[in-house]
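Trainee: Handing you this structure, nothing more for now.
Nothing in this text is a laboratory measurement; each read-out follows from the coordinates by a stated rule. This structure is a prediction, so every number in the text was calculated from the model and none was measured. Backbone-built Cβ (ideal geometry, glycine too); neighbour counts: all protein chains shown.
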């Protein structure tokens, strides 16, 4: 009888506190490792709506990957989630794309979160990921952020990394296409780290929220 009362009390607490309590064990802090391998998905939202976007994303992801974890970042408007394995990524992306959400703007897959101190370290990390995915295709580099710590603007960084990929992977029949690339090499400045992703252009999702779908 006492056990039953305890269980009822626990259920009541969970019901009142909602999703955040249910998913609290999935939240983890980014540690100062040199590199964290993915797959990650980066979700953009309106600053201040990170909690809601996180909950909406978990509603989509948990049935597919119950071991998903959140990696916290001080960058506003960003939710960073790490999936447990690569084979979950495509299913998760399709599930989020098919759902009507209120706060999720973009969903971007990332291969790596890297802590770099200079352009050489960053270039090495980017080429390492690109080497696994780029061959006989076109690509472009997109950089999101200010990258002041590296003392370079996003436009110059895009040009530099594009040249580095072509130079160091010169035997792979690669070309840059700014207007219609097969692949996108994306860098997203987080806080002290940079998210790096190389993926087919069609995998970058731009969501319509339920507010966009109103008549």
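Trainee: Jot down the per residue volume, in cubic angstrom and as a whole number, of the convex hull over the alpha-carbon atoms of the stretch 115-204. Let's see the in-between values first.
Mentor: Details: hull volume 7.6 nm³, N = 90.
Convex hull of Cα atoms, per residue: 84 Å³.
Trainee: Out of all DSSP beta bridges with both ends in the stretch 115-204, state the antiparallel percent to the nearest 5. Each step should come with its number before you reach the end.
Mentor: Details: 7 of 16 bridges.
Of those bridges, close to 45 percent are antiparallel.
Trainee: Enter the mean projected area of the convex hull around the alpha-carbon atoms of the stretch 26-112, in nm², rounded to one decimal.
Mentor: Details: hull surface 20.6 nm².
Reported value for the Cα convex hull: 5.1 nm².
Trainee: Neighbour counts of other C-beta atoms within 10 Å: give me 177, 117 arranged from fewest to most.
Mentor: Details: 177 13, 117 10.
Result, fewest neighbours first: 117, 177.
Trainee: Something else about it: Take the alpha-carbon centre of the stretch 61-82, take the same for the stretch 143-187, and report the distance between them in whole Å.
Mentor: Spelled out, the Cα-based centre of one part sits 26 Å from the other.
Trainee: Give me the orientation-averaged projected area of the Cα convex hull of the stretch 40-169, in nm², one decimal.
Mentor: Details: hull surface 34.9 nm².
So the Cα hull casts an average projection of 8.7 nm².
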